Amino acid sequence: MAQEIEVKKKEPIFEFLESIAEMIPASFYWLDTKGICLGLNTMSALGVGGQCKEDIIGNSVYDAYPKEIADTIQGYIDEVIATGVFTIREDRITDMTTGQVKYFSSARAPLRNEKGKIIGLIGAGIDITANKEAELQKLENEANRAMLAEKEKLIALKEAEQLKYENRRLEEQHKLHQAILEKEAAESERLRLENELRKLENQNLLAEKKSQERVTNFINKMLHEIQAFRIGELHLTTGIRTPITYIGEQVRLTKREQQILYFLSLNKSPKDIAQIITILEDKPVTDSTVNAIINKKLYPKFEVFNIGQLVEKAILLNQIPFLLDDSSA
């Protein structure tokens, strides 16, 4: 391998490269078509971990870098040798001496002999680490500023949404409070109207009761006078002068039977009696009911067969109420 390199180094182009290598202020090197280093300057040798140029000459990129990085660089080398096209790329390489990640603007061009045949590759790399780090820092700062601006925007939106929500909540709370007040006012008005209506109803009931009492008293007075006149006639007809008192003891009568006898003594028909009782008690009583009580109850109790006999015998037995009383039994 060393002899082969020595032979290659005798090419005029290689001698020329050797003569100018140290004058180039950049990492400078040249390789054969297989990627073996044929020469380089001191800056390049130190960059790949060598103490001097001789430590690196005869090595490939796989001797200088980990496989992952070496594969990438070797791919660039193979491309230039295969296509003969000059390329400029940005390489990210770890300094094998310090372990620092460095960035290089790497130019690679095919190396040709006097006949134009590609016999290798010439490369130069300018350290752009400071610029790259400044650029990355700038991008990071811009990203941080953009992130901060977006965060502030999100905070502002969140605060706006929170304010909007709070305003909406307060508005809904106000509406609810107003609805409660309106409901309470409506309920208060309803109660007031109910009280007014109740007062009017009580007043009407009281007036109606007083009116009914006046009518009842008037009717009782008239009925009393009619009954007295009727019984007086019956006394004249029968010649009886027995003092009239309230209900005799010979025949036990129910309240309804007393009512019917009372109205019969006033010369009222069963139909009239049914209508009068219906009005007085505010519940329906039919004339058939009155007839049934007369025929099935009163006739047997007094042992008579018609209303005339019934009234006369009731007078004889002192069984006709002089004045109808609701408490009579």
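The values are calculated or read from the model by the stated rules, or taken from the named source; none is laboratory data. For clarity, every value in this text was computed on a predicted model and none was experimentally measured. Here the Cβ is made from the backbone with ideal geometry for all residues, glycine too, and neighbour counts use every protein chain on show. Accessible surface areas use protein heavy atoms only, side chains included; no ligands, DNA or RNA. Shrake-Rupley method; radii C 1.70, N 1.55, O 1.52, S 1.80 Å.
Looking at this structure, is Ile69 closer than 24 Å to Thr42 by Cβ and assigned to a strand (DSSP E or B)? I'd like the intermediate steps shown before the answer.
Numbers: closer than 24 Å to Thr42 by Cβ: yes; assigned to a strand (DSSP E or B): no.
Here the answer is no, as Ile69 does not meet what is asked.
So Ala156 fits all but one of (1) touching a Lys or Arg at 6+ places or on another chain (Cβ under 6 Å); (2) without any contact (Cβ under 8 Å) to a residue 40 or more places away in the chain; what number is the exception?
Here Ala156 clears every test but (1).
Only one of Asn59, Asn131 is closer than 24 Å to Ile13 by Cα, of a type outside the set (A, V, I, L, M, F, W, C) and out of contact with any helix residue (DSSP H, G or I) (no Cβ under 9 Å at 6 or more places or on another chain). Can you tell me which?
On the way: Asn131 fails: closer than 24 Å to Ile13 by Cα.
Going through Asn59, Asn131 in turn, just one is closer than 24 Å to Ile13 by Cα, of a type outside the set (A, V, I, L, M, F, W, C) and out of contact with any helix residue (DSSP H, G or I) (no Cβ under 9 Å at 6 or more places or on another chain): Asn59.
List pairs: first residue in region 53-68 and on the phi < 0 side of the Ramachandran plot and open to solvent by 40 Å² or more (accessible area, probe 1.4 Å), second residue charged (D, E, K, R) and modelled with pLDDT of 90 or more anywhere in the structure, Cβ distance under 9 angstrom, at least six positions apart or on different chains.
Matching pairs, first to second residue: Tyr62/Asp71.
Does at least one position in region 156-170 carry a residue that is within 28 Å of Ser105 (Cβ to Cβ) and not basic (Lys, Arg)? So that I can check it myself, show each step before the final result.
Within region 156-170, the subset within 28 Å of Ser105 (Cβ to Cβ) is none.
No, every residue in region 156-170 fails to be within 28 Å of Ser105 (Cβ to Cβ) and not basic (Lys, Arg).
If you go through region 19-48, how many residues are more than 17 Å from Arg112 (Cα to Cα), of a type in the set (Ser, Thr, Tyr) and in contact (Cβ under 8 Å) with a residue 40 or more places away in the chain?
Residues in region 19-48 being more than 17 Å from Arg112 (Cα to Cα), of a type in the set (Ser, Thr, Tyr) and in contact (Cβ under 8 Å) with a residue 40 or more places away in the chain: 2 in total.
Suppose we filter Lys283, Lys301, Lys297, Lys313 for residues that are free of Cβ contacts under 8 Å to residues at least 40 places away in the same chain, part of a helix (DSSP H, G or I) and either basic (Lys, Arg) or open to solvent by less than 80 Å² (accessible area, probe 1.4 Å) (or both); which single one remains? So that I can check it myself, show each step before the final result.
Details: Lys283 fails: part of a helix (DSSP H, G or I); Lys301 fails: free of Cβ contacts under 8 Å to residues at least 40 places away in the same chain; Lys297 fails: free of Cβ contacts under 8 Å to residues at least 40 places away in the same chain.
After applying the criteria, what remains is Lys313.
Do we have Ile93 as part of a helix (DSSP H, G or I) and either modelled with pLDDT under 85 or surrounded by 15 or more Cβ atoms within 10 Å (Cβ to Cβ) (or both) here? Lay out the reasoning, then the answer.
Values: part of a helix (DSSP H, G or I): no; either modelled with pLDDT under 85 or surrounded by 15 or more Cβ atoms within 10 Å (Cβ to Cβ) (or both): yes.
Taking the combined requirement at face value, the residue does not satisfy it.
Among the listed residues Asn202, Asn141, Asn167, Asn195, which satisfies the condition of being under 30 Å from Ile93 (Cα atoms) and at pLDDT 85 or above?
Just a single option satisfies the conditions, and that option is Asn141.
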